[in-house]
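**Student:** First the structure, which I've put down as structure tokens, then a few questions once you've had a look.
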Amino acid sequence: MFQDPEELSSTMQWSMLSMDAALILTYLERLCSDGKFYSVLNALNFMDEKGLYISTHILSCMLQMCMNKIDCAAGRKVHHLLIRLGCDTDFKLASQLVYMYLLCGSLSEALQAFGKFPTTSVSLWGAMILAHARFGNAWQVIKLYHQMWESNVIPDAHILVVVLKASSKLPSLDQGRLIHAHVIHSGLGSNLFIVSALISMYSHSSNNEDAKRVFDTAPTKTVAVWNTLITGHAENGLIKEAFTLYHQMHQYGVEGDRITYISILRLCTNISDVEQGRAVQQEVIERGLDLDLSIVARLIDMYGSSGYLLDAITVFEKSPKKDISIWNAMMATYSYHGHITDALLMIKDLKEAGMEANMNTAMSILKGIGEVDDLNQSRLVHSIVVEVGFDRELKIMNTFVTMYAKSGSFGDACRVFNSIESPDIVTWNAIIGAHVMHEQSAVALQLFHHLQTEGQEPNVLTVCASLNACSKVRAINEGLLIHNTIVKKALEVDIMIMNNLIDMYIKCGNIIDAFKVFNSLPQRDVVTWTIFISGLIQHCQYENSLQLFQQMQEECVLPNHITIVSILKACQNLNALDEGQRLHRYIVLLGLDFETLIINSLVDMYSKCGNFDDGSHVFHTAPSRDVVTWTSMIEACVQHGYSSKALVLFAKMQCESVKPDRAAFLSIFRACSTTAALCIGKRIHKESFKSGFSSDNTIVNSLIDMYMKCGSIFDAQQVFSEAPSKDIVTWTSMIAGYARHHNYDLALEYFENMQRTGITPNHVTFIALLSACAHLGLVKEGLCHLQLMFSLGLPQRLEHLTCTAEMLARKGYLDAAEDVFETSPFPIDAAGWQCLLSHCRSNLDMARRCFDYLTHMDCRNAAAFILMAKIYVNAGLANSAWEVEKLRYYANAWKKAGKAYIEVSEQVYEFVGGDILTPEINAKIQELSVKMKSEGHTPIVDLVLQPGTDEDKENVLCGHCEKQAIAFGLLSTPAGASIRVSKNLRMCADCHSASSAISKIEKREIIITDELCVHVFKDGECSCRIDSG
């Protein structure tokens, strides 16, 4: 605001009376340039009283002073003076007057002034349009433009350029195309300023073809026109095309100017194309523009952000002149590379060079370290900012709020916020974001309401952050209030807000309201579709998500990688392999098959849908693989019974310097469990602890499970004892492990010790304990555990019933076991009836009922046919057994191949039942067969249902995979060493009997883990104390 004036002195009044008009004009111009508004105003009032001539030039200067100061009160005084002097009809002054009122925010006075003049004045219309454009009122600019035409006033080139710029900010190109037609009709299509504005408008709307057409039809292509087209392509991500245009410009003989080189260097910076940048730098030197300070600053930025610190330093040091922008660019480069100390030392150098740090200096350093998340660096920069006196600059302090939050110091972020005297909406957004980031979403919502009581108006980011806070704490009521605020403030037009609103409703479990918001949107971008599709998948509405994806394609919205990953997950959960394969073809069509995230999801989808081969092909043809890719493939191998391949892949992953993460370790421990790879497991156990997972309970629990399944109770106990904390899964893993080893007493001991530590068992713990009872037929103990489970208020589950039925059946209470199933509140699955069938040797009628249940559920259940046939064999009904076998062939019920694994010298060997034996293994098996017979062992040839002689059937039994593995182990390990074998199926009775005999003959401990339990054979006895049937 202008200061109150002093009265014009009598001496000055006398002097003015004696001056000629030229001297008075010079004097008043000097007063205007000195900003002495009221001195000029008093002089003009005096001159008016004395009838002296007043130049319109001075009046124009007065209005310009008001505009520069945005002083509406002073402007009104000039307006009154204009009326008194009769100059208010001067078009130039009237235009300035209108523009001045608009700049001061007084639209009503601007309209009033505008309405007093003839509407044929182009300059007046231009002033109104220009003022609205300056304030970002794009629609008002367009409205005035059309009113101008309706008033038969033809806009000039200057107005058309302004209007075209405004139209580029509208959501649709309709208005822009209409104005383009007006341009052609007005004959101004060759005006180079308009040509540039048209190219810019089309480029801004991503309509590059139309922008190129305008360019091609331009009669003259100046460097400014080329610059506009190049910049437009670059902003639309058409990097290659932008560089092509740059080279074409040279081919047409148009030399670039400083704007060209700055634009191209910015492009090189964005894509880190240093080689292209070097070529541009050489051209700049040849053109003699290497001293241009803006170009120097851009070169430093390009080299610095592309990782070429030394090149940036060279450019800086070679520049003979350095303004503050160059110093700031170099400081930003140092901090970007982590050289914070060097960046801060430059502030001292800056002072020695005779310059003072400005706000951009501090922002340069902050920008450089913005993503480092280093608390010590944040505090160091903060101290320097305070030292140079910028700790009161709001923009800088806002940055510190966010920086401290990202650096993990929520307290520092709050302290900076509290030190800000007049926070703006950016400050509030920063502190709300900090609270959400640090799990203080409830407080973030309180801040959202508080900022409004402080007179602040929430913007898009405020609303989005607050909706995010609602999502975090499922504050649906707060979310509804914010939704009301959105409606009241007419913010529904902002797609970012509406996307966050849909996300909030989904995460709060309100799919119906999310759907209402989704359907209400006139336009939906890819983020909208992706949020809703992902939300449906989160709520297990997989089929609906696929339908929505189909609708998205019908509306011609291209999915992004997050959409694709979500839909692949839906296919995976629906086991929809055909849909997944169609989506894979679509991914290739979109050119997204190189995205690592999508590759990982494809591998996972194919694996879960049972198509291992296609998943493996995706993995092996992937252009790049991260730890998730490797882990997905390793897990797929484990799930599909290729655990030995999983171990090979894990080793290859490490050879390629990919560091395993938590998920990778968990997958490989499962692979070790299923292959009895104890030595490999121990080595990877050490690696996982070195990687920082020694206190990770999930890793610890997985290790206990691995050691138990590998038959090493000692190692499992050691891991358990050394675990820094033991959760319910840790205890349950030990109980389940002892159950697999048929050691009910120790399982019970751990169960009781767990309760003494204050941990209450859950339903999984009871499954583990009941399975121990089931393996040994401990009916009384098992029923006591069930009673305890009920007393703890734990609901009974299907697994508990299956264990109960098994313990009863194993003890011979078959009718009671069947009653458990017949009276079950749950439908009994195949595993339950199969378990009961395996114990029905003495009850053919019940066996047939169980068999009928199983084949009704799945006519290709190979285990049901095999068990039923064995029961007939045991009952002496060989013909009935053969009939069942024929039925199995007709039903194509082929059991999966038996596989056995053995680890020797940290290498896993795989043996498949029925494979051709090597001469060495065959000789060893025959040798063992002779020794076993001499010890009284008789092969159980009745287990072989195919017709043939007893000798033929013995040969079939000799080919069982676990016998091959044992023979290989005996040949490959020193005398007395334990042999560990893992089998993917249940051991047959003959192999169980043979393993017992071999352990006695060879004086070896033989540990075999099958799909049910761990058998430890020693001195002719098995730890299970039962046969395998």
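**Student:** If you split all Cα-Cα distances of segment 118-214 into 10 Å bins from zero, what percentages do you get per bin, shortest first?
**Tutor:** 17, 53, 27, 3, 0
**Student:** Counting only protein heavy atoms, what percent of the accessible surface of the chain is carbon or sulfur at a 1.4 Å probe?
**Tutor:** On the way: 25260 of 48230 Å².
Percent of accessible area from carbon and sulfur atoms in the chain: 52.
**Student:** If each of ALA157 and SER972 carries a label point 7 Å out from its Cα toward its Cβ, how far apart are those two points in nm?
**Tutor:** It works out to 8.6 nm between the two label points.
**Student:** I'd like the antiparallel share, as a percent to the nearest 5, of DSSP beta bridges with both residues in segment 896-1029.
**Tutor:** Values: 15 of 19 bridges.
Antiparallel: roughly 80 percent of the beta bridges in segment 896-1029.
**Student:** Would you please give the FRET efficiency between SER824 and ASP727, computed as 1/(1 + (r/R0)^6) with r the Cβ-Cβ distance and R0 = 35 Å, to the nearest 0.05?
**Tutor:** After rounding, the FRET efficiency stands at 0.70.
**Student:** Rounded to the nearest 0.05, what FRET efficiency is calculated for SER190 and GLN456 with R0 set to 56 Å and r the Cβ-Cβ distance?
**Tutor:** Working: r = 49 Å, r/R0 = 0.88.
Efficiency computed from Cβ-Cβ geometry: 0.70.
**Student:** Something else about it: Which whole-number percent is the relative contact order of segment 425-473 (Cα, under 8 Å, 6+ apart)? Each step should come with its number before you reach the end.
**Tutor:** Values: 47 pairs, mean separation 23.9, N = 49.
About 49 percent, as a whole number.
**Student:** Along the charge dipole of the chain, pointing to its positive end and built from +1/-1 on Cβ of Lys, Arg, Asp and Glu, which listed residue (ILE564, THR757, ALA94) has its Cα farthest out?
**Tutor:** It is THR757.
**Student:** Over every pair of different alpha-carbon atoms in segment 378-460, take the mean of 1/r and invert it; report that Kirkwood radius in Å.
**Tutor:** Result for segment 378-460 stands at 12.9 Å.
**Student:** Leaving out ligands and nucleic acids, note down the accessible area per residue over segment 945-1015 with a 1.4 angstrom probe, in whole Å². It would help to have the intermediate numbers written out before the result.
**Tutor:** Numbers: 2590 Å² over 71 residues.
In whole numbers, segment 945-1015 has 37 Å² accessible per residue.
**Student:** Now for a separate question. Could you give the angle, 0 to 90 degrees to the nearest 10, between helix 596-608's Cα long axis and the longest principal axis of the Cα atoms of the chain?
**Tutor:** With both axes taken from Cα atoms, the answer is about 30 degrees.
**Student:** Cα to Cα, under 16 Å, and not fewer than 8 places away if on the same chain: which lysines meet these conditions relative to LYS36?
**Tutor:** Answer for LYS36, where 16 Å is the Cα cut-off: LYS69, LYS77, listed by chain and number.
**Student:** Okay, next question. Quick check for you: with a 1.4 Å probe and neighbouring chains kept, what is the accessible area per residue of segment 24-67, in Å²?
**Tutor:** Details: 1900 Å² over 44 residues.
Per residue, segment 24-67 has 43 Å² of solvent-accessible surface.
**Student:** Kindly provide the helix-only [θ] at 222 nm of the chain, computed as the sum of -39,500 (n - 2.57) over DSSP H runs of four or more divided by all residues, to the nearest 500 deg cm²/dmol? Show your work: numbers first, answer last.
**Tutor:** Working: 57 runs with 706 residues, N = 1029.
So the calculated ellipticity at 222 nm is -21500 deg cm²/dmol.
**Student:** Could you calculate the contour length gain from LEU394 to VAL588, that is, 0.36 nm times the residue separation minus the distance between their Cα atoms, to one decimal place in nm?
**Tutor:** Values: separation 194, 0.36 × 194 = 69.84 nm, distance 4.85 nm.
Gain on extension, LEU394 to VAL588, equals 65.0 nm.
**Student:** Here's another thing I want to ask about it. What is the sum of charges around ASP349, taking Lys and Arg as +1, Asp and Glu as -1, for the other residues whose C-beta is under 13 Å from the C-beta of ASP349? Walk me through the intermediate numbers first.
**Tutor:** Working: positive: LYS322, LYS348, LYS351; negative: GLU317, ASP342, GLU352, GLU356.
Net charge in that neighbourhood comes out at -1.
**Student:** So if R0 is 25 Å, what FRET efficiency would LEU481 and GLU439 give, r being the distance between their Cβ atoms, rounded to the nearest 0.05? Mind showing how you got there, number by number?
**Tutor:** On the way: r = 21 Å, r/R0 = 0.85.
My answer for the efficiency is 0.70.
**Student:** Now for a separate question. For segment 595-719, max minus min Cα coordinate along each principal axis, in Å, sorted largest first?
**Tutor:** Projected onto the principal axes, the Cα atoms of segment 595-719 cover 43, 27, 23 Å.
**Student:** On to the next question. In terms of modelled amide H atoms, which long-range or inter-chain residues lie less than 5 Å from the amide H of HIS1015?
**Tutor:** ILE1008, THR1009, ASP1010
**Student:** Further question on the same structure: Cα atoms only: what Rg and Dmax, in Å, come out for the chain?
**Tutor:** 41.6, 145
**Student:** In terms of Cα to Cα distance under 14 Å, which aspartates and glutamates are near enough to LYS1003, apart from those fewer than 8 places away along the same chain?
**Tutor:** Counting by Cα, and skipping residues close in sequence, LYS1003 has these aspartates and glutamates nearby: GLU935, ASP1019, GLU1021.
**Student:** Can you tell me the equivalent ellipsoid semi-axes for segment 820-936? Use √(5λ) from the Cα gyration tensor, largest first, whole Å.
**Tutor:** On the way: eigenvalues 229, 74, 46 Å².
After scaling each eigenvalue by five and taking roots: 34, 19, 15 Å.
**Student:** For LYS406, give me every one of the lysines with a C-alpha distance below 23 angstrom, ignoring sequence neighbours fewer than eight places off in its own chain.
**Tutor:** Within reach: LYS367, LYS395, LYS472.
**Student:** Let me have the relative contact order for the chain, percent, based on Cα pairs under 8 Å that are six or more residues apart.
**Tutor:** Details: 1394 pairs, mean separation 35.7, N = 1029.
For the chain, the relative contact order is 3 percent.
**Student:** Separate question: How large is the accessible surface of ASP311 in square angstrom, using a 1.4 angstrom probe and rounding to the nearest 10?
**Tutor:** 50 Å²
**Student:** Report the Cα centroid-to-centroid distance between segment 785-846 and segment 237-306 in angstrom, as an integer.
**Tutor:** Comparing the Cα centres of segment 785-846 and segment 237-306, I get a distance of 78 Å.
**Student:** Among the GluC sites (Glu not before Pro) in segment 274-364, which ones are in a DSSP loop with at most 12 other Cβ atoms within 10 Å of the Cβ? Mind listing them?
**Tutor:** Details: sites: GLU275, GLU283, GLU286, GLU317, GLU352, GLU356; in loops: GLU356.
Counting only loop positions with at most 12 other Cβ atoms within 10 Å, the GluC sites (Glu not before Pro) in segment 274-364 are GLU356.
**Student:** I need to check one value: relative contact order of segment 280-358, counting alpha carbon pairs closer than 8 Å and at least 6 residues apart, in percent.
**Tutor:** Averaging sequence separation for qualifying contacts and normalising by length gives 25 percent for segment 280-358.
**Student:** Okay, moving on. Give the angle, between 0 and 90 degrees and rounded to the nearest 10, that separates the Cα long axis of helix 293-305 from the longest principal axis of the Cα atoms of the chain.
**Tutor:** Helix 293-305 sits roughly 10 degrees off the main axis of the chain.
**Student:** Which whole-Hz ³J(HN,Hα) couplings does segment 164-170 yield from phi under the Karplus relation 6.51 cos²θ - 1.76 cosθ + 1.60, θ = phi - 60°, glycine and proline marked x?
**Tutor:** 4, 5, 5, 5, 5, 8, 7
**Student:** Okay, moving on. Dividing the alpha-carbon Rg of segment 165-269 by 2.2 N^0.38 Å yields what? Working shown, then result.
**Tutor:** On the way: Rg = 13.4 Å, N = 105, 2.2 N^0.38 = 12.9 Å.
Against the empirical 2.2 N^0.38 Å value, I get 1.04 for segment 165-269.
**Student:** I would also like to ask the following. With the dipole of the chain worked out from charges on the C-beta (+1 for Lys and Arg, -1 for Asp and Glu) around the Cα centre, which of SER673, ILE916, VAL40 lies farthest toward the positive end?
**Tutor:** Farthest towards the positive end: ILE916.
**Student:** Still on this structure, please answer the following. Using 0.36 nm per residue, how much length does the chain from VAL941 to LYS780 gain when fully extended, once their Cα-Cα distance is taken away?
**Tutor:** Details: separation 161, 0.36 × 161 = 57.96 nm, distance 3.66 nm.
Gain in length upon complete extension: 54.3 nm.
**Student:** For HIS640, what accessible area in Å² do you get when you roll a 1.4 Å probe over the heavy atoms of the protein chains, rounding to the nearest 10?
**Tutor:** Accessible surface of HIS640 is approximately 50 Å².
**Student:** Would you mind telling me the antiparallel percentage of the DSSP bridges in the chain, rounded to 5?
**Tutor:** 80 percent
**Student:** Let me ask you something else. Counting Lys and Arg as +1 and Asp and Glu as -1, each charge on the Cβ, what is the dipole of segment 900-945 about the Cα centre in debye, to the nearest 20? It would help to have the intermediate numbers written out before the result.
**Tutor:** Working: 3 positive and 8 negative charges, 55 e Å.
The dipole of segment 900-945 has a size of about 260 debye.
**Student:** At a probe radius of 1.4 Å, what is the per-residue accessible area of PHE518, in Å² to the nearest 10?
**Tutor:** For PHE518, solvent-accessible area is about 0 Å².
**Student:** Determine the distance separating the Cα centre of segment 161-190 from the Cα centre of segment 438-494; give it in Å without decimals.
**Tutor:** Spelled out, the Cα-based centre of one part sits 38 Å from the other.
**Student:** Residues of segment 206-235 with amide nitrogen under 16 Å from the 7 Å Cα-to-Cβ point of ILE259?
**Tutor:** The answer is 215, 220-235.
**Student:** Continuing with this model, one more query. Using the heavy atoms of the protein chains and a 1.4 angstrom probe, tell me the accessible area per residue for segment 156-272 in square angstrom.
**Tutor:** Working: 5490 Å² over 117 residues.
On a per-residue basis, 47 Å².
The values are calculated or read from the model by the stated rules, or taken from the named source; none is laboratory data. The model shown is predicted, which means the values in this text are computed figures rather than measured ones. Quick reminder, even Gly has a Cβ in these numbers, built from the backbone with ideal geometry, and neighbours come from all protein chains shown. Keep in mind that these areas ignore ligands, DNA and RNA; they rest on the heavy atoms of the full protein, side chains included. Shrake-Rupley method; radii C 1.70, N 1.55, O 1.52, S 1.80 Å.
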